[in-house]
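The values are calculated or read from the model by the stated rules, or taken from the named source; none is laboratory data. These figures come from a predicted structure and were not determined experimentally. Cβ placement follows ideal geometry from the backbone for every residue including glycine, while neighbour counts extend to all protein chains displayed.
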Amino acid sequence: MIDVWTWPTPNGHKVHIALEELGLRYRVIPVNIGAGDQFKPEFLAITPNHRIPAITDPDGPDGPDGKAVTLFESGAILIYLAEKTGRLMPSDPVARFMCLQWLMFQMGGVGPMFGQYNHFAAYAPEKLPYAIERYGNEVRRLHRVLDKRLQQAEFLAGPDYGIADIATFPWVRNPDRRDIDLQEYPAVARWHDAIAARPAARRGGAGGQPAQDAHDRRGAGGDVRQDAIRGTLTPVEPWRRINVMTAHTIREHCHEQHHLHRRPRRRRDCRAVLLRPALTPNSGRLPFAGARGKLAG
Ligand SMILES: N[C@@H](CCC(=O)N[C@@H](CS)C(=O)NCC(=O)O)C(=O)O
């Protein structure tokens, strides 16, 4: 089973969507980047870059009992998952490089430029017209490039949907956040709608909202929608609820267990709580209503 160190952001969603498309077993280890979890030693042991997403695959690329792999950088993770499964990336050499080309275009262009626009237009305490205009121009230029490409081909790499599309989609959706009207880019709009309609993209991206998914079974689907700004967790698909909790909540829980049941605080307990599904019938509403009996037993 693949461990995914992640948080509901576009770069995190790329990996969630790919895993859902591929039907791979995975489980989420939430790294609350708003609370500074990305600087914690346990995460820095996975990546020196203190950025989500990262994965650890105990089986490695060759399947069960292979050599374990730990990876950061969403583009590298997508290539890894595609090569591990032989899906979502063409095998023909030329088509494969087309796919890698558009993946790199996302990694080096769309992601960083859209990210800078978001920062200066939405989050910077001081609104700097120069920066907003510079990155706004870049956002529009990149949409024009995508539109031109998608007038020529169904998907970015060619006729087939793949990791280049998965990398780009989470950055293109919610266009109003970048003051973009997708109708001005009709080929991008057509492509966007086709991907948004895919069940795996909906599960991995939780229907267009910032999302955090916890999975301990194949194709489990997004179960919790997080409003990252308000920091609240609300269940969106009750029939798919699984435990999702922040590292902070886990710490609180272990602390509580210690006091309630005079149990020693063991790291293993905390991990088990994080990774095992359905310990609480009310997961998504934290902390832990209904979970105590089972955990104490
Ligand atoms: N190039 C990296 C970028 C990763 C990245 O910037 N992740 C952001 C969330 S989308 C992050 O972890 N930010 C934490 C921080 O800024 O401290 C990738 O694609 O994986």
Q. What is the number of the single condition among (1) modelled with pLDDT of 95 or more; (2) away from the ligand (no atom under 16 Å from the Cβ); (3) of a type in the set (Lys, Arg) that Arg51 does not meet?
A. (2)
Q: For Glu138, state whether it is surrounded by fewer than 20 Cβ atoms within 10 Å (Cβ to Cβ) and not assigned by TED's automatic domain parsing to the domain that holds Glu184.
A: no
Q: Starting from the stretch 111-134, keep only residues that are more than 25 Å from Pro53 (Cβ to Cβ) and part of a helix (DSSP H, G or I), then list their pairs with residues that are within 13 Å of the ligand (Cβ to nearest atom) and at pLDDT 95 or above whose Cβ atoms are within a distance under 9 Å, requiring at least 6 positions of separation or different chains.
A: Ala131/Gln116; Ala131/His119; Arg134/Gln116
(Q) Condition (residue is assigned by TED's automatic domain parsing to the domain that holds Asp176, under 22 Å from Gly75 (Cα atoms) and more than 16 Å from the ligand (Cβ to nearest atom)) applied to the stretch 108-131: is it met by at least one residue? (A) no
Q: Could you please give the count of residues in the stretch 1-11 that are more than 10 Å from the ligand (Cβ to nearest atom) and either of a type outside the set (Asp, Glu) or buried (at least 23 other Cβ atoms within 10 Å of the Cβ) (or both)?
A: 3
**Q.** Residues that are without any contact (Cβ under 8 Å) to a residue 60 or more places away in the chain and of a type in the set (A, V, I, L, M), drawn from the stretch 74-99
**A.** Ala76, Val94
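Take Gly108 and decide whether it is farther than 20 Å from Trp171 by Cα, out of contact with any Leu (no Cβ under 6 Å at 6 or more places or on another chain), of a type in the set (Gly, Ala, Ser) and surrounded by fewer than 16 Cβ atoms within 10 Å (Cβ to Cβ).
no
For the stretch 12-43, which positions are of a type in the set (A, V, I, L, M) and either within 12 Å of the ligand (Cβ to nearest atom) or under 21 Å from Ala196 (Cβ atoms) (or both)?
If the condition is that a residue be of a type in the set (A, V, I, L, M) and either within 12 Å of the ligand (Cβ to nearest atom) or under 21 Å from Ala196 (Cβ atoms) (or both), then Val15, Ile17, Ala18, Leu19, Leu22, Val31, Ile33, Ala35 are the ones that fit.
Within the stretch 58-67, is there a residue that is within 16 Å of the ligand (Cβ to nearest atom) and over 15 Å from the mean Cα position of the chain (by Cα)?
Start the filter on the stretch 58-67 by keeping residues that are within 16 Å of the ligand (Cβ to nearest atom), which leaves none.
Scanning the stretch 58-67 turns up no residue that is within 16 Å of the ligand (Cβ to nearest atom) and over 15 Å from the mean Cα position of the chain (by Cα).
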